[in-house]
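Colleague: I have a structure here, written as structure tokens, and I will follow up with some questions on it.
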Amino acid sequence: MSSETLSSTEYIKHHLQNLTYGQKADGTWGLAHSAAEAKEMGFWAINVDTMGWSIVLGIVFLFFFSRAAKSATAGVPGGLQNFVEWVVEFIDSSVRGSFSGRNPLVAPLALTIFLWIFLMNAMDLLPIDWLPALAANLSGNPHLYFKVVPTTDPNATFGMSIAVFFLVLYYSIKVKGVGGFIGELTLQPFGKFGLPANLFLEGVNLIAKPVSLALRLFGNMYAGEMIFILIALMFSGGAVLAVSAGVLQWAWAVFHILVITLQAFIFMTLTIVYLDMAHQEHH
């Protein structure tokens, strides 16, 4: 989708709209052709682009790590094996530094979260019109909605954070028992005489974990995507603005490499910390 065929406002709105599939107001199922139509589809609508890219990037991660594992050698390692070993060691040291319990799930989960989110974030480094334009040409619909950065969709970030939240609840109850878990919610920090206040404070603290995980990742990636969109608009403003946009795009992309890596690391680290808290018993 070229910025030259749309006004600035339309161009921005177009790039911020997901390709949504669901039940339309007339009862039929299909793709939404406007933001209003996507909203009418309600809760059970699916953002096809978010789901598609999430799955594809997950497969890419599994493929390369599986290939590295199958071709691993005790001799001189190749480039892929070197990279995989470096990432695994990095994740292992992060888990050892933040997780004090014993759980064989935590390290593989941390590895998956970090690399999967990093790959989804890294889609933001691709020129913003390339893949949407390709999808529009292949579909024959020049106005096709097509977002390629899954983490700019709150449905994706909340989906991951809620999965982590359920794991926290599961291990909190498994390690501490139902009584211990309820005791933490009702008896801290003010003891048995402050039960209402304890329940309110601990309840808010518990619910804030998945909300903060999701919104932190979504907010940072959405803001980064918006800056790329605004820079892309400058290319249609004449030669001087186009040159300036090229410089700005390169500079922001270099800086954004740090952002996408840091956001993946923060999500992973907070997941480890929350699971560590779930494994700790308070007496």
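No lab work stands behind these numbers, since they all come straight from the coordinates. Quick caveat, the model's predicted, so the values are computed rather than measured. All Cβ positions, even for glycine, are placed from backbone atoms using ideal geometry, and neighbour counts span all protein chains on display.
Colleague: Residue by residue, what Karplus-based ³J(HN,Hα) values in Hz, rounded to whole numbers, does the stretch 242-252 have, using 6.51, -1.76 and 1.60 with θ = phi - 60° and x for Gly and Pro?
Modeller: For the stretch 242-252, the Karplus-derived couplings read 5, 5, 4, 5, x, 5, 5, 5, 5, 5, 5 Hz, x marking Gly and Pro.
Colleague: Where is the GNM fluctuation largest for the chain (alpha-carbon springs, 10 angstrom cutoff): Ala122, Ala223, Ala156?
Modeller: Most flexible of the set in this elastic network: Ala223.
Colleague: Of Thr151, Thr28, Thr186, which has the largest mean-square fluctuation in a 10 Å C-alpha GNM of the chain?
Modeller: Thr28
Colleague: Over 16 Å apart: what share of the alpha carbon pairs of the stretch 186-259 falls there, rounded to a whole percent?
Modeller: That fraction is 65 percent.
Colleague: Also, quick follow-up: Report the per residue volume, in Å³, of the convex hull enclosing the C-alpha atoms of the chain.
Modeller: Spread over its residues, the Cα hull of the chain gives 188 Å³ apiece.
Colleague: Under a Cβ-only charge scheme (Lys and Arg +1, Asp and Glu -1), can you give me the dipole magnitude of the stretch 171-227 about the Cα centre, in debye to the nearest 20?
Modeller: About 180 debye.
Colleague: Same structure again: Beyond 25 Å between alpha-carbons counts as too far, so tell me which of Lys24/Lys209; Lys70/Lys147; Lys174/Lys209; Lys24/Lys147 fall in that bin.
Modeller: On the way: Lys24/Lys209 34 Å; Lys70/Lys147 34 Å; Lys174/Lys209 19 Å; Lys24/Lys147 21 Å.
With Cα atoms farther than 25 Å apart: Lys24/Lys209; Lys70/Lys147.
Colleague: If you don't mind, another one. What does the charge count around Glu184 come to, taking other residues whose C-beta lies under 12 Å from its C-beta (Lys +1, Arg +1, Asp -1, Glu -1)?
Modeller: Around Glu184, the charge tally is -1.
Colleague: 7 Å from Cα along Cα→Cβ at both Ala208 and Thr28: what's the point-to-point distance in nm?
Modeller: Here the answer is 4.9 nm between the modelled labels.
Colleague: Right, another one. Kindly identify the stretch 48-170 as rounded, prolate or oblate by the Cα gyration tensor criterion: order the square roots of the eigenvalues as a ≥ b ≥ c, call it rounded if a/c is under 1.5, otherwise compare a/b with b/c, prolate if a/b is larger, else oblate. Intermediate results must be reported in sequence, preceding the final value.
Modeller: On the way: a/c = 2.93, a/b = 1.47, b/c = 1.99.
Here the stretch 48-170 falls in the oblate category.
Colleague: Determine the sum of side-chain charges near Gly224: Lys and Arg each +1, Asp and Glu each -1, restricted to other residues whose C-beta is under 14 angstrom from that of Gly224.
Modeller: -1
Colleague: In sequence order, what are the phi-derived ³J(HN,Hα) couplings for the stretch 145-152 according to the Karplus relation 6.51 cos²θ - 1.76 cosθ + 1.60 with θ = phi - 60°, rounded to whole Hz, with x for glycine and proline?
Modeller: The phi angles translate into 6, 6, 8, 10, 10, x, 6, 8 Hz.
Colleague: Among Phe165, Phe83, Phe193, which one shows the highest mean-square fluctuation when the chain is modelled as a Gaussian network with alpha-carbon springs under 10 Å?
Modeller: Maximum among the listed residues: Phe193.
Colleague: Same structure again: Per residue of the stretch 172-178, in order, report the coupling 6.51 cos²θ - 1.76 cosθ + 1.60 (Karplus, θ = phi - 60°) as ³J(HN,Hα) in whole Hz, putting x for Gly and Pro.
Modeller: For the stretch 172-178, the Karplus-derived couplings read 4, 6, 5, 7, 9, x, 4 Hz, x marking Gly and Pro.
Colleague: Kindly put Val247, Val88 in sequence by how many other C-beta atoms sit within 10 Å of each C-beta, fewest to most.
Modeller: Values: Val247 10, Val88 15.
If I rank by nearby Cβ atoms, fewest first, I get Val247, Val88.
Colleague: Right, something else. Where Lys and Arg each count +1 and Asp and Glu each count -1, what net charge lies around Ala36 among other residues with Cβ under 13 Å from its Cβ?
Modeller: Charge balance near Ala36 sits at +1.
Colleague: Same structure again: Would you calculate a helix-derived [θ] at 222 nm for the chain, using -39,500 (n - 2.57) for each DSSP H run of n ≥ 4 and dividing by the full residue count, to the nearest 500? Don't skip to the end; give the middle numbers.
Modeller: Working: 9 runs with 199 residues, N = 283.
Result for the chain, helices only: -24500 deg cm²/dmol.
Colleague: A follow-up question, please. With only Lys, Arg, Asp and Glu charged, each at its Cβ (+1 for the first two, -1 for the last two), find how big the charge dipole of the chain is about the Cα centre; round to the nearest 20 debye.
Modeller: 620 debye
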